[in-house]
Every structure is written in structure tokens, then in C-alpha cells.
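Inspection log for the structure reproduced underneath, given as C-alpha cells.
The values are calculated or read from the model by the stated rules, or taken from the named source; none is laboratory data. Quantities reported herein were computed from a predicted structural model and do not represent experimental measurements. Here the Cβ is made from the backbone with ideal geometry for all residues, glycine too, and neighbour counts use every protein chain on show. In case anyone asks, the SASA skips ligands and DNA or RNA and just uses the protein heavy atoms, side chains included. Shrake-Rupley method; radii C 1.70, N 1.55, O 1.52, S 1.80 Å.
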Amino acid sequence: MVFKSLKFAKNRISNLLVCNVLSNSSSKKSIATTSHNKIQNEVSKLLALKAQLGSEDAAPQKFVLKTPKGTRDYSPQQMTIRNNVLQKIITVFKRHGAECIDTPVFELKEVLTGKYGEDSKLIYDLKDQGGEILALRYDLTVPLARYLAMSKITTLKRYHIAKVYRRDNPAMTRGRYREFYQCDFDIAGQYDLMVPDVECLKVVTEILDTLDIGKYILKVNHRRLLDGMFEVCGVPVDKFRTACSTVDKLDKSPWEEVRTEMINEKGITPDSADRIGEYVQLNGGTELVDKLLKDEKLIKSKAAVEGLEGIKLLLSYCDILGIKDKILFDLSLARGLDYYTGVIYEAVLTQSIKVGNEELTVGSIAGGGRYDNLVGMFDSKKKQVPCVGVSIGVERIFSVLESKLAAGDIAVRTNEIDVYVASAQKNFLEERMKICAELWNAGIKTEQSYKKNPKMLNQLQHCEENGIPLAVILGESELRNGLVKIRDIKTRDERDVPRADLVSELKKRIAALGEKEMNGTA
């Protein structure tokens, strides 16, 4: 485009210069009436444009071919892992009755701002496109709240799997990107205390148990308890949220660094920070809740008591659902997003993952909580729709499974072909195509070589390399006798079957294949 604009500018200059010459002789020939000064002004503008565009002959800048920072491509092996993970997650979501929705990848910026606290600086702004100020979505929760308010929906159990965008410092080996997928499960509606909340925790445990990526713990806390804790520690009300976002860094930074930030950057007094430190380093179970309910300072705060009673009820429900052994009540859990109002939780892997020669701690792989006031922010009458939900950090799960793939702990089959149609002799392309068409029409996943006369060894090697379990081998004598040969690629066992029974025989063989073999991990 730059060179086209430059070429146009040069042509325009030439044309105007010609007009200039004609104008200089107009007093004698009366050919043109264009003002000499106007032409000179146009020439000056175009010369300035030429200078701005640069010389057409200038050497082009070196172009580095890469993906943008914080993004990546996915190979067939990686996409197979991704699709398998997502399918298992969706199965759990559907088991709990969730329905799927989708929303635009970008929203009005006004919809997103003011919902994420200090993390609002990570929102990707877009240029003005036709009069609307837009931004890429930061998560799937705020778009859900906007959707509920716009659609006047008061009850919904939904799941949403889509990409979100954050202008963060990426850590690719730990599964932290600027463009990444989120898998959300949310329950909207007015229900009894902690009943939908505990189901969200159950959903997380089912997903992580199904994926089997390693040992984990589900940390839980309550925003009302945190507010009460800040209150009794002497933190001003207007600093509750900033203090909360600082406490949220305890999973990455030691208490001394967090304390320093509270005092130097958030304006919290050293005495208040020390009091907070006494609480946020506590974790446990029901016994800790009972202990804190006897704390003389905390019981003076209505918010703290409300939060503790909520956690106690939640833990009792976790016991009923059989997941209490995976739950840890942790007062350091804060979750920095501003819209949380009640219980909050986060799933964390408790073991490091080997990537190459390094042992890396992946950390949080799921998180969520209750947000009862978010929908009302978008409703003209401020009508509230209580919500609770969880987001699965699938990118970090992908990074765990990819590291296992690289270490050889798991194998991945990138296609789902069950049958390969091969020929042992030349000039069997048409017959192979007939067999393929018959098997495709019968719903059998089939492929063949695209060469007219492929070598038998190459065909069988293709089956072995791609994990294809069965091969139909065509030969002149077999076809003359109304037979075809079926070969088990793994055992190399071959058996002749009647040509008319091929489809039914293959379906029996495919059904009999073990799950491990079908996944290509045998």
C-alpha cells in the first residue's frame, strides 16, 4: 500500500507539473485557467507526502516471522491433547445440566472497565471502529453478566469455552499466555446458601480427577471474612479492595514482600499489616473455622462472622459430596477481582511438573467464586441476579500434559482412522476407492494411499506410524474368489473374510478393540 500511494503521488506530481507548464503559457495560448499559486501549493503537499512515505527504492525492513508475544501455534499432537481435554471437561459440565452459550470476542470497553480492580490495566483496548470504543474480553464472567442483564434472564446454568485476552507478562512454559482458552461453569439464580457453590467445587474435582494430571488441593475462603478481617485489623473501608489484591499475591510472593507493598504502595499502617499477617498465614479445615469463631476480634465484625458461618456450611456440604479431603480453608486466598462477593476458591497443583530438565510449579489451574452484584451493574433498574461459578485454567492443564508427552509418559494419536485400505499389487486404485466409499458410507473411519501403485511396505508402515489398528488388503486371487484380507497391524495376524461380509466384520473388530488401543497409547 505504501508503494502504491507513493506511485500515485509521483504521477500526481508529474500531472500537476505539466499543468504548471501549460499555465505559464496560458497568457499566450489561453489553454488553462488554473491558478499558478494553487498548483504550486498542490505540488508542495504531494512532495511532503513523498517525503513522508520515503523512497520507493529504499531497502525493505527485515521481517521476523513469528507469533505475537504471548501466543502460540498448536501442532496436531497438541491439538489432539487440547480436544481430548475439552471433551472431558464438557462431559462433566453436561453431567451437571449445564447449557452452552457464546458471546462476542470483543465488548464495549465500558462493559469491561471497573470490574477487575488493578487487573483492569491488562485489558486489550481496540482502535475506534465506526464510533464504538471496544476492548477484547478479559474473561467470560463479565460477558455472562452482560448477557443475563440484556436478556432479562434470572436463572441459568451455563458453560462457555472460548478465548480471552490479557496484556500480561506471559510465562509460556507455565501455561500463562496473552491469548488463551477459559472453560467456565456458572449457576445464576436465587437459591439457598452454599448449595450451588458446593456443586461448583464438585465440578472442579470431577474434572481434575478425570484428567488425572497430578495431586491438587482446592483452597476456599470468603470475601465477607476478608472484609471483616481487614475491618478488625484497622484497614479503612476504601482500602479493602486494594488490600485484597495485595493479599492475593501471597501464592507467588513471601509475606515480607506483601507486607512491604501494603505499607509503601497501598498506604496501610505497619500495625494493620502485622495484624493481617497473623490471619492470612492460617489454613486448615472445620477446626480452624471453629477457632476463628471464638476469636475475640473477629466475632466483633458481622462480616467476618457471616463469612465464617458460610465456610462452615460449605465444608459440611463438601463432606456430604465426598470431597472434603480435597478442600483447604486458606485465609491467604483473596482472588483480586473486584466483583466477588462471597465464597471464593482456587484449585492448585501440589506437585511440580518436569519440563525438559527443569522442575516447574504450575500453580493455580482453576478458580472462581460468588458474584451477586455483577449482573445488577448492567441492569437499568439495578436488579440483581446472584451468580456463582468456576473457570478451569485449561492452558495450564495443556502445559502439564504436553510436558508429559515430551517426556514420553503419554502417547497421542492425532487421527481417528480405524481402517486403512491397502493393495498388494499394481492397478488396484479403482478397487481401493470402491472399498473406501463403501466403508465411508457405513460410517467407518477409513483412508488409503493417494498413490496409484503404492508399495506394500510403505502402506503398512503408514499404519504403524499413525496408530491405525486395521488394514484391508486387496489382492488379485482374493478378489477373484470373493474374499478380502483383514490384517491386525499390532499382532500382524491376517484373516480372509467374504467380500460381502467386510463391513459387518470390520465393525465387530472395531468394537472389540480396547480403549487403550483406540487412543493410540498401547
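Which of (1) modelled with pLDDT of 90 or more; (2) outside any loop (DSSP other than H, G, I, E, B) does R241 not meet, given it meets every other one?
R241 satisfies every listed condition except (1).
For region 358-384, which positions are surrounded by fewer than 23 Cβ atoms within 10 Å (Cβ to Cβ), among the aliphatic types (A, V, I, L, M) and in contact with a Ser or Thr (Cβ under 8 Å, 6 or more places away or on another chain)? Walk me through it before giving the result.
So in region 358-384, the residues surrounded by fewer than 23 Cβ atoms within 10 Å (Cβ to Cβ) come out as 358-361, 363-364, 367, 372-373, 376-384.
Next cut, among the aliphatic types (A, V, I, L, M) only: 360, 377.
Once the filter is applied, which keeps residues that are surrounded by fewer than 23 Cβ atoms within 10 Å (Cβ to Cβ), among the aliphatic types (A, V, I, L, M) and in contact with a Ser or Thr (Cβ under 8 Å, 6 or more places away or on another chain), region 358-384 yields only L360.
Every residue, every condition in (1) hydroxyl-bearing (S, T, Y); (2) closer than 16 Å to V394 by Cβ; (3) modelled with pLDDT of 95 or more, yes or no:
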position: K62; (1), (2), (3): no, no, no
position: Y74; (1), (2), (3): yes, yes, no
position: M79; (1), (2), (3): no, yes, no
position: G117; (1), (2), (3): no, no, no
position: S120; (1), (2), (3): yes, no, no
position: Q129; (1), (2), (3): no, no, no
position: E132; (1), (2), (3): no, no, no
position: A135; (1), (2), (3): no, no, no
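Please verify whether region 240-252 includes one or more residues that are closer than 28 Å to K312 by Cα, surrounded by fewer than 13 Cβ atoms within 10 Å (Cβ to Cβ) and out of contact with any strand residue (DSSP E or B) (no Cβ under 9 Å at 6 or more places or on another chain).
First, the residues of region 240-252 that are closer than 28 Å to K312 by Cα: 240-252.
Next cut, surrounded by fewer than 13 Cβ atoms within 10 Å (Cβ to Cβ) only: 252.
Of the ones still in play, those that are also out of contact with any strand residue (DSSP E or B) (no Cβ under 9 Å at 6 or more places or on another chain) are 252.
Taking every residue of region 240-252 in turn, at least one turns out to be closer than 28 Å to K312 by Cα, surrounded by fewer than 13 Cβ atoms within 10 Å (Cβ to Cβ) and out of contact with any strand residue (DSSP E or B) (no Cβ under 9 Å at 6 or more places or on another chain).
Got a sec? Which of D372, D409, D379 is more than 29 Å from Y165 (Cα to Cα), part of a loop (DSSP other than H, G, I, E, B) and either in contact with a Gly (Cβ under 9 Å, 6 or more places away or on another chain) or not β-branched (V, I, T) (or both)?
Working: D372 fails: more than 29 Å from Y165 (Cα to Cα); D379 fails: more than 29 Å from Y165 (Cα to Cα).
None of the other options fit; the residue is D409.
Quick one: which helices (runs of 4 or more DSSP H) sit completely within region 265-322 and have at least 2 residues that are under 36 Å from the mean Cα position of the chain (by Cα) and under 26 Å from P196 (Cα atoms)? Walk me through how you get there before you give the answer.
On the way: elements: 270-280, 286-292, 302-320.
Fully inside region 265-322 and qualifying: 286-292, 302-320.
Would you be able to say whether some residue in region 156-175 is touching a helix residue (DSSP H, G or I) at 6+ places or on another chain (Cβ under 6 Å), touching a residue at least 60 places away in the same chain (Cβ under 8 Å) and of a type in the set (F, W, Y)?
Checked region 156-175: at least one residue is touching a helix residue (DSSP H, G or I) at 6+ places or on another chain (Cβ under 6 Å), touching a residue at least 60 places away in the same chain (Cβ under 8 Å) and of a type in the set (F, W, Y).
Among the listed residues D290, D330, D325, which satisfies the condition of being of a type outside the set (A, V, I, L, M), touching a strand residue (DSSP E or B) at 6+ places or on another chain (Cβ under 9 Å) and at pLDDT 90 or above? Before the answer, list the steps.
On the way: D290 fails: touching a strand residue (DSSP E or B) at 6+ places or on another chain (Cβ under 9 Å); D325 fails: touching a strand residue (DSSP E or B) at 6+ places or on another chain (Cβ under 9 Å).
From the options D290, D330, D325, the qualifying one is D330.
Which of the residues that make up region 188-238 are without any contact (Cβ under 8 Å) to a residue 40 or more places away in the chain and either of a type outside the set (A, V, I, L, M, F, W, C) or not in a helix (DSSP H, G or I) (or both)? Steps first, answer last, please.
Residues of region 188-238 without any contact (Cβ under 8 Å) to a residue 40 or more places away in the chain: 192, 209, 212, 236-238.
Within region 188-238, D192, D209, D212, P236, D238 meet the criteria.
Report whether or not L112 is open to solvent by less than 90 Å² (accessible area, probe 1.4 Å), touching a strand residue (DSSP E or B) at 6+ places or on another chain (Cβ under 8 Å) and without any contact (Cβ under 8 Å) to a residue 40 or more places away in the chain.
Values: open to solvent by less than 90 Å² (accessible area, probe 1.4 Å): yes; touching a strand residue (DSSP E or B) at 6+ places or on another chain (Cβ under 8 Å): yes; without any contact (Cβ under 8 Å) to a residue 40 or more places away in the chain: yes.
Spelling it out, L112 is indeed open to solvent by less than 90 Å² (accessible area, probe 1.4 Å), touching a strand residue (DSSP E or B) at 6+ places or on another chain (Cβ under 8 Å) and without any contact (Cβ under 8 Å) to a residue 40 or more places away in the chain.
Name, by its number, the condition in (1) open to solvent by less than 40 Å² (accessible area, probe 1.4 Å); (2) out of contact with any His (no Cβ under 8 Å at 6 or more places or on another chain) that does not hold for T154.
The number of the failed condition is (1).
Do you know which of the residues in region 410-451 that are in contact with a Lys or Arg (Cβ under 7 Å, 6 or more places away or on another chain) and among the polar types (S, T, N, Q) is surrounded by the fewest Cβ atoms within 10 Å (Cβ to Cβ)?
Result: Q448.
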